[in-house]
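*Asks:* This is the structure I want to talk about, given as structure tokens.
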Amino acid sequence: MKKLVAIGGVVVVLLIAIIVLTQMSNKEKLASDDNPYGDKKLQQPTIDLLKDENYQHITLPEDLKAKIDSGEEVNAYFFSPTCTHCRALTPNLMPILDELGIEVNQINLLEYDEWDNYGITATPTFIHFDGGAEVNRFEGNLPEEDLRAFLAPYAKK
């Protein structure tokens with residue numbers, strides 16, 4: 001019986017240690033100057049992406065709307081950190097965008113409920129705006145050749 005209590009005690013101590021270390025790590029990530037979400041309370045999947053190089057073009061919804069309303073060309077990539085298709089597409093998409101010189105505004109749909117504002121029915125969704133209106137979009141995880149064909153008209157390089 002004493003062994004069982006001792007093992008249970010060790011398990012409880014380990015769980016508490018894991019929780020404390022995770023909270024400390026999250027606080028460090030959130031306090032970073034690289035946190036584009038400001039002081040918004042973030043969900044854990046978003047916190048996990050804060051240092052991911054593929055998610056460094058986060059734009060707040062009000063900033064995206066202002067860019068679109070200005071009439072300039074805008075590329076918006078709507079994703080969710082919990083979406084398996086997004087997690088598969090993003091590492092392929094970002095290098096292509098960089099290669100083509102295409103700027104992108106990433107909108108995290110887990111944190112910001114923008115689904116209805118842009119008629120989004122699935123993630124990932126990439127929308128090209130020009131003159132304040134949607135010009136083109138794709139949804140889902142496209143193969144590289146289809147991504148390149150979609151993005152080619154918007155290349156800056």
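The values are calculated or read from the model by the stated rules, or taken from the named source; none is laboratory data. What you see is a predicted model; the values in this text were computed from it and never measured. Here the Cβ is made from the backbone with ideal geometry for all residues, glycine too, and neighbour counts use every protein chain on show. All accessible areas refer to the heavy atoms of the entire protein, side chains included, with ligands and DNA or RNA removed. Shrake-Rupley method; radii C 1.70, N 1.55, O 1.52, S 1.80 Å.
*Asks:* Using the Cα atoms of region 39-89 to build a convex hull, what is its mean projected area in square nanometres?
*Replies:* Projected over every direction and averaged, the Cα hull of region 39-89 covers 4.3 nm².
*Asks:* Once the piece of chain linking GLU62 and ASP98 is laid out straight, how much longer is it, given 0.36 nm per residue of separation minus the C-alpha distance between them? It would help to have the intermediate numbers written out before the result.
*Replies:* On the way: separation 36, 0.36 × 36 = 12.96 nm, distance 2.42 nm.
Here the answer is 10.5 nm.
*Asks:* For THR123, what charge total do you get from the other residues with a beta carbon under 15 Å from its beta carbon, if Lys and Arg give +1 and Asp and Glu give -1?
*Replies:* The answer is -3.
*Asks:* Now a separate question. Towards the positive end of the charge dipole of the chain, with charges on Cβ (+1 Lys, Arg; -1 Asp, Glu), say which of ILE7, ILE107, ILE18 has the farthest Cα.
*Replies:* Positive-end residue among those listed: ILE7.
*Asks:* Taking a virtual spin label 7 Å from the Cα of PHE150 along the C-beta vector, which residues in region 119-143 bring their backbone nitrogen under 17 Å of it?
*Replies:* Within reach of a label on PHE150: 119-130, 134-143.
*Asks:* While we're looking at this one, here's another question. Regarding the chain, what is the average projected area of its C-alpha convex hull, in nm²?
*Replies:* Hull-based average projected area comes out at 11.9 nm².
*Asks:* Shifting gears a bit: Take every Cα-Cα distance within region 59-145, group them into 5 Å bins from 0 onward, and report for each bin the whole-number percent of pairs it holds.
*Replies:* Spelled out per bin, shortest first, that is 3, 14, 27, 28, 19, 9, 1.
*Asks:* Still on this model: Only helical DSSP H runs with n ≥ 4 go in: add -39500 (n - 2.57) per run for the chain, normalise by residue count and round the 222 nm mean residue ellipticity to 500 deg cm²/dmol.
*Replies:* For the chain, the value works out to -14500 deg cm²/dmol.
*Asks:* Let me ask you something else. Counting only other residues whose beta carbon sits under 14 Å from that of ARG87, what net charge do I get with K and R as +1, D and E as -1?
*Replies:* So the surrounding residues net to -3.
*Asks:* Calculate what fraction, in whole %, of the accessible area of the chain sits on carbon and sulfur atoms when a 1.4 Å probe is rolled over the protein chains.
*Replies:* Of the solvent-accessible surface of the chain, carbon and sulfur hold 56 percent.
*Asks:* State, to one decimal in nm, how far the label point of ALA6 lies from the label point of GLU134, with both points 7 Å from Cα in the Cβ direction.
*Replies:* 6.4 nm
*Asks:* Going highest first, how would you order 106-112, 80-86 by mean Cβ packing within 10 Å?
*Replies:* Put in order of decreasing packing, that is 106-112, 80-86.
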